[in-house]
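Encoded as structure tokens, the structure appears first; notes follow it.
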Amino acid sequence: MNTLCPSCLTTNRIAEERVKEDAKCGRCGHELFDGEVINATKTSLDSLLKDDLPVVVDFWAPWCGPCLNFASIFEDTAQERERQFRFVKVDTEAEQELSARYGIRSIPTIMVFKKGQRIDMLNGAMPKESFNQWLNEVLAK
């Protein structure tokens, strides 16, 4: 399996049976599965989407109340499901090119990608239980 280091964005190859272990980046030594949300930019998002793990992207803005309320749910879920998904945030104010590329019309918008291809999308914030149920359905696809 290929996965990106959340710190230096270097691709690391690890055996799938070792995903549950404390794997570290071969380049910088950072933990590969630290549960932290990665802030993406137009220069990093394409690389992040190539991860073999499904990538959950939260398109948000700092002035958006529902986005700010959903942020803690997104971060908690990233901690809990760090070895199943990569969790990425895109600030639509700072990254307007990405907003246009992905057709963001309302925020928060959550998209899930597998190997660079979008497989599902949600518009709007939701409770944690509903978010986790949706992620389970996405994994089953």
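The values are calculated or read from the model by the stated rules, or taken from the named source; none is laboratory data. Everything numeric here is computed off the predicted structure, so don't read it as measured data. We place every Cβ from the backbone using ideal geometry, glycine too, and count neighbours over all the protein chains shown. Surface areas here come from the heavy atoms of the whole protein model, side chains and all, with no ligands, DNA or RNA. Shrake-Rupley method; radii C 1.70, N 1.55, O 1.52, S 1.80 Å.
What is the distance, in nm, between label points placed 7 Å from the Cα along the Cα-to-Cβ direction at residue 68 and at residue 36?
2.4
Is the shape of segment 86-141 best called rounded, prolate or oblate, per the rule: a/c under 1.5 gives rounded, else a/b larger than b/c gives prolate, else oblate, with a ≥ b ≥ c the square roots of the Cα gyration tensor eigenvalues? Display every interim value, and only then the final one.
Numbers: a/c = 2.28, a/b = 1.46, b/c = 1.56.
Because a/c hits 1.5 or more and a/b fails to exceed b/c, segment 86-141 counts as oblate.
When a/c reaches 1.5 or more, the comparison of a/b and b/c decides; with that in mind, is segment 43-121 rounded, prolate or oblate per its Cα gyration tensor? Present the calculation step by step, with values, prior to reporting the outcome.
Numbers: a/c = 1.91, a/b = 1.14, b/c = 1.67.
Judged from the Cα gyration tensor, segment 43-121 comes out oblate (a/c at least 1.5, b/c at or above a/b).
Could you work out the helix-only [θ] at 222 nm for the chain, with each DSSP H run of four or more residues adding -39,500 (n - 2.57) and the total divided by the number of residues, to the nearest 500 deg cm²/dmol?
Computed mean residue ellipticity for the chain: -8500 deg cm²/dmol.
Return the whole-Å distance between the Cα centroid of segment 84-141 and the Cα centroid of segment 33-65.
Cα centroid to Cα centroid, the span is 9 Å.
For the chain, what does the relative contact order come out to in percent, with C-alpha contacts under 8 Å and a separation of six or more? Write down the numbers at each step before the final one.
On the way: 233 pairs, mean separation 34.1, N = 141.
After rounding, I find 24 percent.
Lysine pairs in the chain 8 or more apart or on different chains: how many have alpha carbons under 26 angstrom apart?
28
From largest accessible area down, sort 67, 8, 28; use a 1.4 Å probe on the protein chains. Display every interim value, and only then the final one.
Working: 67 0, 8 40, 28 65 Å².
The most accessible residue leads, giving 28, 8, 67.
Ordered by residue, what ³J(HN,Hα) values in Hz, to whole numbers, does segment 9-18 give under the Karplus form 6.51 cos²θ - 1.76 cosθ + 1.60, where θ = phi - 60° and Gly and Pro are x?
Karplus values, whole Hz, x for Gly and Pro: 6, 7, 6, 10, 9, 9, 5, 4, 6, 9.
Using alpha carbons only, how many degrees (0 to 90, rounded to 10) separate the axis of helix 128-140 from the longest principal axis of the chain?
For 128-140 against the chain, the angle is about 60 degrees.
With a ≥ b ≥ c taken as the square roots of the eigenvalues of the C-alpha gyration tensor of segment 4-141, please select rounded if a/c is under 1.5 and otherwise prolate if a/b is larger than b/c or oblate if it is not?
Values: a/c = 1.73, a/b = 1.40, b/c = 1.24.
Prolate.
Please list 3J(HN,Hα) in residue order for segment 80-85, calculated via the Karplus relation 6.51 cos²θ - 1.76 cosθ + 1.60 where θ = phi - 60°; whole Hz, with x for glycine and proline.
Values per residue, Gly and Pro as x: 6, 10, 4, 9, 9, 9 Hz.
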